[in-house]
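A short worksheet on the structure shown next.
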Amino acid sequence: MAARGVCEDEVGLLSMDMHAEQLLSAAPAICYLYGEDRDAVFELAERLLRTRKARRLRVDVADLDDAEEALRGAPLFGPTACDVLVRNAEQATPKQGERLLKLARAVSGEDRLIICAPEMSWKKALHKQLCALERVGCCRLRMPDEAGFARWLAQQCAEAGFALERDALAHAAERLYGMRGAARQWIERLRWYRGAERGTIDTGAALALLGERHPPELERWCHAVAMRRAGAVGMARQLTRAQGASGVQMIAWLGMRMQQLLLYRWYRARRSQDALRDAGVFGEARRRVPREAQCWQAGELIAALARLVEVERKLKGASLEDDATLLERLTLDLVRGARG
């Protein structure tokens, strides 16, 4: 599960063995996160960053100069404590490993170093040396079994306020097993689908939003709209009139993309080291979103999201127009930058 794991090491060299929740509570000066569950490692690292107000820096193991400078001294204004997150320690060369160990031993005062090493081999010397550090809290996050992942997914849906038919949840857990990023995207699409409505989401709609039944042209249409290409209108017509794509499904996919673009721009403005990850962008979209974001201003994206909510309401029965007409007009408005 994403926030729970087994904290252990096969060679017994841990200074402190901790479960994920214990690590969050204790917040030791050095946090070493590793294990097979890559998503869980990074999720726990981000949760650790959110436990307090501090300067935050996310770096790769090849960019430790920035980390050393951040930990060297406090600024004149703002928080004095600094949290440094090293994202890919498992890729460290021997020389980089030595620098990382030196950096860890130099952590002092209120500063904190969070070291992420997903899929780090326990046989590697660096792993053993990190586990043997003083003041370190180590946590190994294993991949959950299928039943554990299904429980995690059910918990995420419950926290989001969704009621799903049992078959939908079981099928989604099977299809999404081990892919928490994809699972969160599915939950985001369910949010768009449900809107302010109550009641249980039926299996057909849930699986459609899972992507199980979406035509491959759907992603291409989202990309074309995000790039504000005139050809997106024809693609919308093809999807709705020729292929019979669900209007609500199209809105959910496009709504998530617009939200990702807005979040990506926001994290970029805050000088995030990995704006794509922070914005929840995964898969093929990681290559496309940076180019798409250049086509929009923040205000335009906010207006686009409001327009999507309006069209979604009409698709669910608040309009006499057919779905195809609504979606073609929406696509044209977004490509041209219309506000209404």
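Worth a mention:
- Any chance residue 134 is modelled with pLDDT of 85 or more, surrounded by 14 or more Cβ atoms within 10 Å (Cβ to Cβ), of a type outside the set (Phe, Trp, Tyr) and assigned to a loop (DSSP other than H, G, I, E, B): no
- Where residue 314 falls short, out of the listed (1) under 30 Å from residue 59 (Cβ atoms); (2) free of Cβ contacts under 8 Å to residues at least 40 places away in the same chain: (1)
- Odd one out for residue 232, checked against (1) assigned to a helix (DSSP H, G or I); (2) under 30 Å from residue 178 (Cα atoms); (3) touching a His at 6+ places or on another chain (Cβ under 9 Å): (2)
- Selection within the range 7-52: residues that are more than 16 Å from residue 143 (Cα to Cα) and charged (D, E, K, R). The member of this set that is modelled with the lowest pLDDT is 10.
- Residue match in the range 248-265 (condition: at pLDDT 85 or above, of a type outside the set (D, E, K, R) and either assigned by TED's automatic domain parsing to the domain that holds residue 56 or farther than 24 Å from residue 191 by Cβ (or both)): no
Each row is one residue, and each column tells you yes or no for (1) modelled with pLDDT of 80 or more; (2) buried (at least 19 other Cβ atoms within 10 Å of the Cβ); (3) within 23 Å of residue 254 (Cβ to Cβ); (4) not assigned by TED's automatic domain parsing to the domain that holds residue 24.
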position: 155; (1), (2), (3), (4): yes, no, no, yes
position: 158; (1), (2), (3), (4): yes, no, no, yes
position: 182; (1), (2), (3), (4): no, no, yes, yes
position: 189; (1), (2), (3), (4): no, yes, yes, yes
position: 198; (1), (2), (3), (4): no, no, no, yes
position: 202; (1), (2), (3), (4): no, no, yes, yes
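- Unmet requirement for residue 71, which otherwise passes all of (1) closer than 14 Å to residue 100 by Cα; (2) crowded, with 19+ Cβ neighbours inside 10 Å; (3) modelled with pLDDT of 85 or more: (3)
- Residues that are of a type in the set (Phe, Trp, Tyr) and in a helix (DSSP H, G or I) within the range 151-181 comprise just one, 152.
- Some residue of the range 104-111 being modelled with pLDDT of 85 or more, in a helix (DSSP H, G or I) and surrounded by fewer than 15 Cβ atoms within 10 Å (Cβ to Cβ): yes
- Residue list for the range 279-311, restricted to those being within 27 Å of residue 87 (Cβ to Cβ) and free of Cβ contacts under 8 Å to residues at least 24 places away in the same chain: 279, 281, 286, 287, 294
- You will find that of 270, 287, 336, the residue that is at pLDDT below 90, farther than 30 Å from residue 42 by Cα and loosely packed, with under 15 Cβ neighbours inside 10 Å is 336 and no other.
The values are calculated or read from the model by the stated rules, or taken from the named source; none is laboratory data. Note that the coordinates shown come from a computational prediction; the quantities given were computed from them, not determined experimentally. Because the Cβ atoms are built from the backbone with ideal geometry, glycine has one as well, and the counts that use them run over all protein chains shown.
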